[in-house]
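Q: I have a structure I would like to understand better, so I am pasting it below and will then ask my questions one at a time.
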Amino acid sequence: MNSHHEENLKTYLKAHIPAAEHMSFNQSCHSVADAADAANASPEEFVKNVCMIGSNGDFIVAIVHGTDRASTSRVGKALGTERPRLATAEEILEKTGYPCGGTPSFGYNATFLIDPRVAEIQSVITGGGSECSLVRVKTNEMLHANNGRIVRVRK
């Protein structure tokens, strides 16, 4: 378990989003289905952080509803660039400080693009710093923390 990643995120939350709730589990939260089971929550409450690398090397995070898929072509169109590629697990850890499957929606340098369906939800559950943890946060606080742009990025 990557508890130092969780501790780093808890420190960030305490300083920037004190009302957010960090939750740790004894089971994987890597997929939305696993996370919903662990948190005893509905898949509709979750967001996925789809990490991408732009043609100029920029790190991009498309935040979509837990039941949606991100579109690389829509992300490229929204940024006025070529279609980005999906980031590797190694790149995600290097750029965010968090492992793939535990990446939160904030707390590191990236261009954050939030799908409008996410903005319609009052609070969301996102990655909690490890594959066995989650964060529940008010959507407006997430948007403030990541300074994201609301633009359609779902397929």
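Values quoted throughout were computed directly from the atomic coordinates according to the rules given, and no laboratory measurement underlies them. The structure displayed is predicted, hence computed values, not measured ones. Every residue, glycine as well, gets a Cβ built from its backbone with ideal geometry; the counts of neighbours run over all protein chains shown.
Q: Estimate the FRET efficiency between LEU86 and LYS14 by the formula 1/(1 + (r/R0)^6), using the beta-carbon distance for r and 41 Å for R0, to the nearest 0.05. Could you put the intermediate results ahead of the total?
A: Numbers: r = 31 Å, r/R0 = 0.76.
Efficiency for this residue pair is about 0.85.
Q: Please give me the summed charge of the neighbours of CYS100: other residues whose Cβ is under 10 Å from its Cβ, Lys and Arg +1, Asp and Glu -1. Could the numbers behind the result be given before it?
A: Numbers: positive: none; negative: GLU90, GLU91, GLU131.
Counting the neighbours of CYS100, the net charge comes to -3.
Q: If you look at just the Cα atoms of the chain, how large are its Rg and its Dmax in Å?
A: 14.1, 42
Q: Taking θ = phi - 60°, what integer Hz values does the Karplus form 6.51 cos²θ - 1.76 cosθ + 1.60 yield along region 27-43, in sequence order, with x for Gly and Pro?
A: Per-residue couplings from phi come out as 9, 5, 10, 5, 9, 4, 4, 4, 5, 4, 5, 4, 8, 6, 10, 8, x Hz.
Q: From the backbone phi of region 67-81, what are the Karplus-calculated ³J(HN,Hα) couplings (6.51 cos²θ - 1.76 cosθ + 1.60, θ = phi - 60°) in whole Hz, Gly and Pro given as x?
A: 9, 9, 10, 7, 10, 5, 5, 5, 5, x, 5, 4, 8, x, 10
Q: Now, a different point. For the chain, what is the calculated [θ] at 222 nm in deg cm²/dmol (nearest 500), taking -39500 (n - 2.57) for each run of four or more DSSP H residues and dividing by its residue count? If you can, show how the numbers build up before the last one.
A: On the way: 6 runs with 50 residues, N = 155.
Helix contribution divided over all residues of the chain: -9000 deg cm²/dmol.
Q: Which order do HIS5, HIS30 fall in if you start with the one that has the fewest other Cβ atoms within 10 Å?
A: On the way: HIS5 23, HIS30 16.
Final ranking by Cβ density, sparse to dense: HIS30, HIS5.
Q: Do you know the relative contact order of region 3-150, to the nearest whole percent, from alpha carbon pairs under 8 angstrom that are 6+ apart? Intermediate values should be presented prior to the final figure.
A: On the way: 302 pairs, mean separation 43.1, N = 148.
Contact order relative to length: 29 percent.
Q: Quick check on packing: order 48-59, 106-117, 8-19 by the mean number of other C-beta atoms within 10 Å, highest mean leading.
A: Numbers: 48-59: 18.1, 106-117: 20.1, 8-19: 15.2.
Highest-to-lowest ranking by the protection proxy: 106-117, 48-59, 8-19.
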